[in-house]
Amino acid sequence: MGTPVIMPQLGESVVEGKISRWLKQLGEPVKLYEPLLEVETDKVTTEVTAAGAGTLLKLYANEGDVVKAGTLIAFIGASGESVPATDPRPSSLPESEREQEMPRGNGSSARISPVVARIASEHHVDLALVHGTGEGGRVTKKDILAYVEMQPDTPSEKLEAWEQPGLGELFRPTEEVFGTAVSASPGPIAPAAASAPTVTSDEVLPLNGMRKAIAEHMVMSKRTSPHVTTVFEVDLSKVVAHRNTHKAQFERDGANLTFTPYFAMATIAALKKHPLVNSSWSDSGIVLHRTVNLGIAVSLGEDGLIVPVIKNADSLNLLGFARTINDLADRARRKQLKPDEVQGGTFTITNHGTSGSLFATPVINQPQCGILGVGLIQKRVVVVTQNEVDAIAIKPMVYVGLTFDHRILDGNSADNFVAAIKQRLESWT
Amino acid sequence: MAEKTLIEGIREAMDEELARDDSVFITGEDVGQRGGVFRATLGLFDKYGPTRVIDSPLAELSIVAVGIGAAMNGLRPICEIQFADFIQPAYNQIVNEAARMYYRTGGTFTVPMVIRTPYGGGIGGGLYHSQSIEATYAHVPGLKVVIPSNPHDAKGLLKSAVRDNNPVLFLEPKKGYRLIKGEVPDGDYTVPIGQAQITREGSDISVYAYGMMHYYCQQAAEEVARDGIDVELIDLRTLNPLDKDTVLESFKKTGKALIVYEDNRFLGYGAEIAAILADEGFNYMDAPIRRVAGPDVPAVPYSHPLQDWFMPNPQKIAEAMRKLARY
Amino acid sequence: MVVPVLESATAPLADLPADLLLDMYTAMLRARRLDERCWILHRQGKIAFHISGMGHEAAQVGIAFAMRRGEDHFLPYYRDLAMVLACGMTSLEVMLGVFGRQDDPSSGGRQMPEHYSRRSKNIYSVSSPVATQVPQAAGVALAEKLKGGDRVAVTCLGEGSTNQGDFHEALTWAGVHKLPLIVVVENNEYAISVPMEKQMAIPRVSDRASAYGVRGVTVDGLDPIAAYHAAQEAIDIARSGGGATLLEVRVVRLTPHSSDDDDSAYRSKEDKAALKISDPLPKFRGRLMDAGILSQQHERELDERIVDEVNHAHQAAEAAPYPTVEWAAGPVFAA
């Protein structure tokens, strides 16, 4: 008895997902827990693994399809086993309606209408590949026409280098030829067959889901909140000293102790003292959030950025923070975050200093009130006054900036908040 | 030493080269029994037979292309194009093949061939038997272009061309075929390709010319000498590769340059001489650089008043010399 | 004078010794694997240009094997990869040209890829203007005849190029002078995008031969043995003073015209699928296997060896130095 593959529910509020890539092809063997497909939701792309072993016998959904959670999307079974035309799981439909269901059998012989058979033969279509939306999962005329429409874009057919279309211009400027070489890894350059080839020397990078999502959010956020930034300089001597002392112990406890946990804890403390900052604007009033869900922005390099959220961050100590931040950042980079883990934040920290930036004015992560930007930690010369005598000292300094929503906060309250962070960091023991 | 005509000098060169080197052969339209429409190959067919003097089909492209192939396979063809006006079907083979072969094979293939053809007007030839083509072809890297102005040089330069391992376009001023006479030594001698010659030493103006125009310049120089103008006359002889040193040396002396060519003025060969003088001779320039050339209409209209209007002649040249000397 | 035009059905394998057949197959396979690698390099953005001979291998190998390879004069055109390899160029030499390196024997990087030249193997230089090599080949053949030599001149071009004046003038000389010349027309029925029926109003290019008093033959270029026999006959006639042959081989162009051509503009998916069925390489492989001359094992080993050779050529060429600026500056004249 084979294993039906069901579209999982990937988050509390996530009711559907888009199949972005089948990782296995029809007829390929599948091992238990082997990654089978990639599903894209609003924020994350998640790998879905196989719940059973066998051969991938049938696909009921294609790449690009948006499928509701709980839908049958594939079937894994023994080679040669007959494949159900529809979901073989017990139906919740009443008896009388279930009578209309298709008899079990080879999908391709189950109720193919004459017009569907004709179209399939004209276009050399394997009906097993076509997703049926008709009664009982039947392939309707519309279904097969839609499938045929999509054919040129179907990447399931691997084209040899000389079968991939050229640009059509027999010669191009040399800069274009060598400048547009795609990734270092060998693989076909595929100018999108659907869109017209550009003949200028400009390169067009297609927008992926992540880039589109980031773009939409950034524009919306700037349009929503009046962004103002205030910057403080913080002396990290005590933090550095603490870290140097405790780093090895943390390693033994299974955590890589970076500077981020310190900033996180200082921020949490400040949020507790200044609850107005842990809030969201609404037309009926400023919503003060009871829990502190702290988002830590993680850069995915050229693939964009993502903000995993630490729920109830006020319950963690430094070690807890270190461990949690390690785990989230790691899974973020390996595209293994769950959609729940990137939602529900009430405040965000972004460590733009790791790429060398001194201070910045990041965009608020809506619907939060502010975002804390941490700059590059740098040894600087500062003036130290002791007993009314000025002297020069070298200290590890950092610029910490709060970009806040001026609808909720004014300069004074914003500054008090950042001052609290500064005070906590500069007095670390 | 006897006095011979230009065409006789040319014929002698070919005769002697055919005798001297078995790999030399001649091909072209009517070169065999007819001896060529200008009698350039008169008697050679009888003397050397149909394997050394080969009548070609009426097909200029292949006269040159077959020559290229034969040259690459060890022979030294002399390919005649009946009139320079008819060379254009072979342009592709000359420019894209013969001229490029050495460069494009990194020197492993050479094309030791001569393309000889009569050029120039003043013989009632109309629009298709009077053209000058040297500007077009001297422009091409890899192709040598040689134009004799007298029988002595014609024989010596043609011999050098046959022995040169590069493709050489040998342009013969047809008006001068019988008109220009001079002393031509019997037997073997060569005139080097790539060397201009100062044919008249002078101090007032430098006059640069080649082919038929050099002949006229000689007459014009004699005439203006009576007015006390001392012309230095340079016979360029090889248009590519140009003897720049001789060109500049003379200009340094006189500071005044006149270039004479019968081809259309615009972008004619003299324009390059003018550009070189203006650039590398700037510090010696004492007057604008002047040209006497054909007008910019298709060369050369037939009816003789039209032809006379078109063609430079000793009087027009002398007038230009005077003006320049006076500047 | 009416000159007979011959057609041949698939020639029997038994005619030829097994090791010759295997050598032919190896030559075809080598060309194919090298060709494929060049396409991949282009799609990776590593080379700027490639023009292919995929689908022509059987005809080229058959004809080459009938020549005194490396001795007879050969004036190729840009699709003649299999033929130049069979006549003595190496995979490395081809790759050096593809990558435009200093040690490229064809031109030292001055010419585009596939513009072959190898004087030591009597392979004459290829240029881009089409058909210019045909009257030059006539000249080579003429010189051979004048010198009293016994080599023949073989030249190749596409069917579209037979419309150039060069082609006609060459055949004129060939007919008049009874030259030891074989003009091979590799008819793949496309001149870039223009199909044969828009190039000529005759069904076969060899129909042109009689207009020049030259022998005209058309054979199936997908069968290397048919090509071999036809070439052998033409070469024997030429070598013995019997004059020239226009040898048309019918082949398929499995790829677009060149690396950036987009042939979906003029060839449908069905057309291209049909072409694949005509691929001469698997066809010949199949015949050899059916005849017990080539085993699965042997075929695998051979392919591995060839791909290894291609890999080495690719890597060595890619690592070789570029030409210098001084090299670009000439000289343009021989001493």
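The values are calculated or read from the model by the stated rules, or taken from the named source; none is laboratory data. Only a predicted model underlies this, so the values are computations on that prediction, with no experimental measurement involved. So basically every Cβ, Gly included, is an ideal-geometry build from the backbone, and we count neighbours across all protein chains shown. Accessible surface areas use protein heavy atoms only, side chains included; no ligands, DNA or RNA. Shrake-Rupley method; radii C 1.70, N 1.55, O 1.52, S 1.80 Å.
Values computed for the structure shown
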quantity: Orientation-averaged projected area, Cα convex hull of segment C:140-208 (nm²); calculated: 4.8 nm²
quantity: Ordering of A:113-120, C:162-169 by packing [mean C-beta count within 10 Å, highest first]; calculated: C:162-169, A:113-120
quantity: Accessible surface of segment B:216-327, 1.4 Å probe, proportion on carbon and sulfur as whole %; calculated: 51 percent
quantity: Candidates per trypsin sites (Lys or Arg not before Pro) in segment B:33-96, loop by DSSP, up to 13 other Cβ within 10 Å; calculated: B:ARG34
quantity: Cα-based Rg and Dmax for segment C:217-335, where Dmax is the largest Cα-Cα distance (Å); calculated: 21.1, 57
quantity: Given charges at beta-carbon only (K, R positive; D, E negative), |dipole| of segment A:3-88 in Debye; calculated: 120 debye
quantity: Charge dipole of the protein assembly as shown about the Cα centre (unit charges at C-beta), most positive-ward option of B:ASN313, C:HIS257, B:GLY156; calculated: C:HIS257
quantity: With at most 11 neighbouring Cβ atoms within 10 Å, loop GluC sites (Glu not before Pro) (DSSP) excluded, longest segment of chain A; calculated: A:204-387
quantity: Filtered trypsin sites (Lys or Arg not before Pro), segment A:339-424: DSSP coil and at most 15 other beta carbons within 10 Å; calculated: A:ARG407
quantity: Nearest-0.05 FRET efficiency for C:LEU22 and A:GLN25, computed from C-beta distance (R0 41 Å); calculated: 0.70
quantity: Cα-derived Rg to Rh of chain B, Kirkwood definition; calculated: 0.97
quantity: Fraction of accessible area attributable to carbon and sulfur, segment A:225-426 (%, probe 1.4 Å); calculated: 52 percent
quantity: Peptide C:320-332 - average C-beta neighbours from other chains (10 Å radius); calculated: 2
quantity: Rule-of-thumb Rg ratio for segment A:3-88 [Cα; 2.2 N^0.38 Å; N residues]; calculated: 1.02
quantity: For segment B:295-324 versus segment A:34-54, the gap between their alpha-carbon centres in whole angstrom; calculated: 88 Å
quantity: Helix-only [θ]222 nm of chain A, DSSP H runs n ≥ 4, -39500 (n - 2.57) each, per residue, nearest 500; calculated: -7500 deg cm²/dmol
quantity: Cβ-derived FRET efficiency at R0 22 Å, A:ARG223 paired with A:SER413, nearest 0.05; calculated: 0.40
quantity: For chain A: relative contact order, % (alpha-carbon pairs under 8 angstrom, 6 or more apart); calculated: 14 percent
quantity: Distance histogram for segment C:1-143 (every C-alpha pair counted, 5 angstrom bins, percent rounded to whole numbers); calculated: 2, 9, 17, 21, 20, 14, 10, 5, 3, 1, 0
quantity: Exposed chymotrypsin sites (Phe, Trp or Tyr not before Pro) absent - longest run of chain A, DSSP non-H/G/I/E/B, at most 14 other C-beta within 10 Å; calculated: A:172-429
quantity: Cα point-scatterer Debye curve for segment A:287-339, base-10 log of I(q)/I(0) at q = 0.22, 0.23, 0.25 Å⁻¹; calculated: -0.83, -0.88, -0.98
quantity: Label-point gap, in nm, between A:LEU288 and A:ILE214 - each point 7 angstrom along Cα→Cβ; calculated: 3.6 nm
quantity: Segment B:225-319: chymotrypsin sites (Phe, Trp or Tyr not before Pro) falling in loop per DSSP and having at most 16 other Cβ within 10 Å; calculated: B:PHE266, B:TYR302
quantity: Highest-fluctuation residue, C:LEU16, C:LEU41, C:LEU81 considered, GNM on chain C with Cα pairs under 10 Å; calculated: C:LEU16
quantity: Antiparallel %, DSSP beta bridges [both residues in chain B], to 5; calculated: 20 percent
quantity: Antiparallel bridge percentage (DSSP; both residues within segment C:43-189; nearest 5); calculated: 10 percent
quantity: Among B:LEU179, B:ALA13, A:GLY353 - extreme Cα towards positive end, dipole of the protein assembly as shown, charges at beta-carbon; calculated: A:GLY353
quantity: Helix-only CD estimate at 222 nm, as mean residue ellipticity for chain C, using -39500 (n - 2.57) per DSSP H run (n ≥ 4); calculated: -13500 deg cm²/dmol
quantity: Projected-area average for segment A:225-426 over all orientations - Cα convex hull basis, square nanometres; calculated: 12.5 nm²
quantity: Estimated buried accessible area (total), pair B and C, 1.4 Å, Å² to nearest 100; calculated: 3300 Å²
quantity: Histogram of C-alpha separations across chain C, 20 Å bin width, %; calculated: 32, 60, 8
quantity: Förster-model FRET efficiency, 41 Å R0, C:LYS283 and C:ASP150, C-beta, rounded to 0.05; calculated: 0.75
quantity: Distance between modelled label sites at A:VAL231 and B:GLN315, nm, 7 Å Cα→Cβ extension; calculated: 8.8 nm
quantity: DSSP bridge orientation in the protein assembly as shown - percent antiparallel, rounded to nearest 5; calculated: 50 percent
quantity: Formal net charge of residues neighbouring C:TYR322 (Cβ-Cβ distance under 14 Å; K, R +1; D, E -1); calculated: -1
quantity: Unit Cα scatterers, Debye sum, the protein assembly as shown: log10 I(q)/I(0) for q = 0.08 Å⁻¹; calculated: -0.96
quantity: For segment A:225-426, accessible area per residue (1.4 Å probe, heavy atoms of protein chains only), Å²; calculated: 47 Å²
quantity: Rg to Rh, two decimals, where chain A supplies the alpha carbon set and Rh follows Kirkwood; calculated: 1.08
quantity: Charged-residue dipole, Cβ positions (Lys, Arg, Asp, Glu), segment B:135-241 about Cα centre, Debye nearest 20; calculated: 560 debye
quantity: Degrees separating the helix B:211-225 axis from the principal Cα axis of chain B, which is the longest one; calculated: 30 degrees
quantity: Surrounding net charge for B:LYS253, when Lys and Arg each add one and Asp and Glu each subtract one, Cβ distance under 12 Å; calculated: -4
quantity: Magnitude of the charge dipole, chain B, Cβ model with Lys/Arg +1 and Asp/Glu -1, debye to 20; calculated: 300 debye
quantity: Most mobile of C:SER161, C:SER278, C:SER268 in a GNM of chain C (Cα contacts under 10 Å); calculated: C:SER268
quantity: Relative contact order of chain B, pairs being alpha-carbon contacts under 8 Å that are 6 or more residues apart, as %; calculated: 17 percent
